[in-house]
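The values are calculated or read from the model by the stated rules, or taken from the named source; none is laboratory data. For clarity, every value in this text was computed on a predicted model and none was experimentally measured. FYI the Cβ positions are ideal-geometry reconstructions off the backbone, even for glycines, and counts take in every protein chain you see.
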Amino acid sequence: MRLSLPALVLLVATPTPIHAPTPARPARVVSDPPALITVELDSSYSQVVVTVGPFRVRAGMATDDADPMAMAMMQDSCIGQFVWPRAALFHGLRLELLDARGAVLPRSLLHHLRLNNFDRRDLIYPQMEHIVAFGHETENISVPATVGLPMTRGHRVAVVVMWNNVSGHDLDSVRLRLTFKLNHRRQSPAPIAVLPFVVNASPLPSGMFDVPPGGVTRDFEFTIPLSGRLLVASGHLHDHGAWMRLEDAATGHEIITVHPIKDQGGRVVGMSRVLALLNRGPHLRAGRLYRLRVRYENTTNDTLVGMGILGGLFSPDDIRAWPAIDASDPHYPDYPADICGVRRPL
């Protein structure tokens with residue numbers, strides 16, 4: 001069975017050389033005019049299909065090494081929200097971009113897409129959950145039906161995109177279609193409930209850091225509020241990324257390490273994966289200090305923009321102990337509070 005984890009964890013961006021440090025600042029999230037969103041649950045309860053649009057996607061800049069300001073000038077756009085229709089687990093997700101005739105458009109039209117759940121918290125950060133993210137070159141999600149990501153009826157889900165239309169002309173009547181593959185309602189044995197595990201080597205919300213000539217090692221230490229097993233892990237690095245490692249901060253013990261997959265030109269085209277889908281992954285303990293360590297080897301004379309995201313699927317020992325969103329937490333970020341016109345949780 002095919003497994004394509006990177007789409008679960010990546011907001012893929014091409015490394016952008018710069019000549020001065022880039023200060024961290026909140027991600028720019030703007031709301032597009034309200035879009036038509038349809039949510040369809042098939043009669044066999046096997047899939048949920050969400051269609052958003054149509055949109056007019058204006059011609060825009062690509063983010064490549066030839067234009068060091070492109071990434072900073074592009075921005076996320078909230079194109080709408082939908083309500084999840086029924087309690088279910090899903091183990092697959094297909095993303096399609098369609099034109100007015102229903103023909104599939106190239107994924108490169110989309111720099112990235114992410115889905116935010118307003119009604120569930122991230123494991124590590126005191127913010128709304130990032131359910132899933134796609135980059136323009138990542139594949140659709142498909143994991144074995146032995147696991148599933150639970151969704152509750154009534155959960156409000158935001159669809160946030162960054163367009164990347166480099167065709168040279170505006171595109172009309174573009175629609176976006178998301179097809180969620182659901183676990184069978186009476187599956188036996190019952191699937192293992194998993195939730196997103198995402199940790200960033202750089203402080204949010206930017207998630208980026210400077211990589212000077214020669215390279216840099218970036219560390220981020222964190223705790224988790226409940227114990228569980230990390231069943232799947234992969235990550236996201238820009239070009240010149242060497243590796244990323246999850247360690248026990250007290251002992252330095254290596255828990256997992258993932259490496260970039262590079263093409264003949266040395267560009268990062270994917271990441272290695274650590275799989276333990278039989279509920280035998282490393283057991284992480286609540287309250288224990290862990291460290292994400294990310295290494296870049298910069299062989300150029302430019303200062304680059306790096307990212308280091310470790311992500312995967314986390315099976316909590318007791319999913320009922322999952323932390324709730326606390327909007328009064330001073331660390332709860334302001335920038336996602338009003339995207340899509342949704343008020344902060346009380």
ask   = Taking region 248-291 only, how many residues are under 18 Å from N200 (Cα atoms), in contact with a Ser or Thr (Cβ under 9 Å, 6 or more places away or on another chain) and among the charged types (D, E, K, R)?
value = 2
message = Taking the condition of being buried (at least 16 other Cβ atoms within 10 Å of the Cβ), without any contact (Cβ under 8 Å) to a residue 60 or more places away in the chain and over 18 Å from the mean Cα position of the chain (by Cα), how many residues in region 260-281 meet it?
response = 2
request  = Could you list, in sequence order, all residues of region 286-311 that are more than 16 Å from Y125 (Cα to Cα) and over 23 Å from the mean Cα position of the chain (by Cα)?
outcome  = E297, N298, T299, T300, N301, D302, T303
inquiry  = I need the full set of residues from region 97-138 which are surrounded by fewer than 17 Cβ atoms within 10 Å (Cβ to Cβ) and either in a strand (DSSP E or B) or of a type in the set (F, W, Y) (or both), in order please.
reply    = V104
task = For T300, indicate whether it is at pLDDT below 95 and either of a type in the set (S, T, Y) or surrounded by 22 or more Cβ atoms within 10 Å (Cβ to Cβ) (or both).
result = yes
query = Among the numbered criteria (1) outside the structural domain of F220 (by TED's automatic domain parsing); (2) touching a strand residue (DSSP E or B) at 6+ places or on another chain (Cβ under 8 Å), which single criterion is violated by S202?
reply = (1)
task = Starting from region 291-310, take each residue that is under 15 Å from D219 (Cα atoms) and list its partners that are of a type in the set (V, I, T) and part of a loop (DSSP other than H, G, I, E, B), counting only C-beta distances under 6 angstrom and pairs at least six apart or across chains.
result = none
